[in-house]
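The values are calculated or read from the model by the stated rules, or taken from the named source; none is laboratory data. What you are looking at is a predicted structure, and each value in this text was computed from that prediction instead of being measured. When we count neighbours, we look across all protein chains shown, and the Cβ atoms used for this are built from the backbone with ideal geometry, even at glycine. Areas reflect the complete protein model, heavy atoms only, side chains present, ligands, DNA and RNA absent. Shrake-Rupley method; radii C 1.70, N 1.55, O 1.52, S 1.80 Å.
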Amino acid sequence: MLMVRKSADRGHADHGWLRSNHSFSFAGYYDPRFMGWGNLRVINEDRVAPGKGFGTHGHRDMEIISYVLEGNLAHKDSMGHIEGLPPGDVQRMSAGTGVQHSEFNHASGQETHFLQIWIEPDRKGVAPSYAQKTFSDADKRGQLRLVVSPDGAQGSLTMNADARMYAGLFDGDEEASLRLSPGRKSYVYVVRGEVSVNDQALHTGDAAYLDQETSLRLAQARDAEVLVFDLAA
């Protein structure tokens, strides 16, 4: 089964300083048909105005991944990390027993555009932790680069969840395939551009939900950046 959800069908919120598109139910957006997919709970596409951001707030028992598309995201947390997150970096925060953090766009003339991703953990009550790593365009060009996984395979960041996240850049004749387990779910999110997913055309902000499929094929791309999730059912 492959189901496509178009970008315009997502939830939307405009708070002035923050404009968000919600792939799944979140905050004031609720749709019982879209509460998550497998153990993937949140994908928010956020645009934060210059000089604005999310004040200090708490999380617990969630794997939180940030993926910056434009600008820079300043992160500060109760574990003592003070970091800047530019495009190309992937950040993973395991909230575990509880963590406080803030996220800001300190630039004076550029908005920060990023994806906030939540994945439900395997185990609750673990010690909070943080990791960040750069994955260059060359790492992702014409292939699906594993960026987050349970075991840190292929130099990916580790997380406390039965899920794998891949990132890839595709254009023209560049293609990629991924073998899928029929007992799991998969999710494809088009960050930008155009690409076909198992012969279904997707554009910026579109997503494909896959269940009981044995393979995934990305082809016919035009300046595409793609995230692929292999998920526990």
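The condition (being closer than 15 Å to F104 by Cα and in contact with a Lys or Arg (Cβ under 8 Å, 6 or more places away or on another chain)) is satisfied by just one residue among L73, L69: L69. Filter segment 4-23 down to residues that are in a loop (DSSP other than H, G, I, E, B), among the charged types (D, E, K, R) and open to solvent by 30 Å² or more (accessible area, probe 1.4 Å), then give me how many there are. So the answer is 1. Taken together, S156, S215, S186 contain a single residue that is among the hydroxyl-bearing types (S, T, Y), at pLDDT 95 or above and farther than 30 Å from S94 by Cβ, which is S215. Candidates are the residues of segment 199-217 that are open to solvent by less than 10 Å² (accessible area, probe 1.4 Å) and part of a strand (DSSP E or B); the one that is nearest to F170 (Cα to Cα) is L202. When each of A74, A107, A127 is tested for being assigned to a strand (DSSP E or B) and either in contact (Cβ under 8 Å) with a residue 24 or more places away in the chain or open to solvent by less than 20 Å² (accessible area, probe 1.4 Å) (or both), the lone residue that passes is A74. If you go through segment 198-217 and keep only what is more than 23 Å from A161 (Cβ to Cβ) and under 19 Å from the mean Cα position of the chain (by Cα), you end up with L202, H203, T204, G205, D206. Among the conditions (1) touching a Lys or Arg at 6+ places or on another chain (Cβ under 9 Å); (2) modelled with pLDDT under 95, the only one that F114 does not satisfy is (2).
Any residue at all in segment 55-69 that is over 24 Å from F24 (Cα atoms) and open to solvent by 20 Å² or more (accessible area, probe 1.4 Å)? Taking every residue of segment 55-69 in turn, none turns out to be over 24 Å from F24 (Cα atoms) and open to solvent by 20 Å² or more (accessible area, probe 1.4 Å). Just one of the numbered conditions (1) open to solvent by less than 30 Å² (accessible area, probe 1.4 Å); (2) of a type outside the set (K, R); (3) part of a loop (DSSP other than H, G, I, E, B); (4) under 21 Å from L227 (Cβ atoms) is not true of V90: (3). With respect to the conditions (1) farther than 16 Å from I117 by Cα; (2) part of a strand (DSSP E or B), F54 lacks only one, and its number is (1). Being within 23 Å of V126 (Cβ to Cβ) and charged (D, E, K, R) is the filter; apply it to segment 150-198 and report the residue that is surrounded by the most Cβ atoms within 10 Å (Cβ to Cβ). The residue in question is R164.
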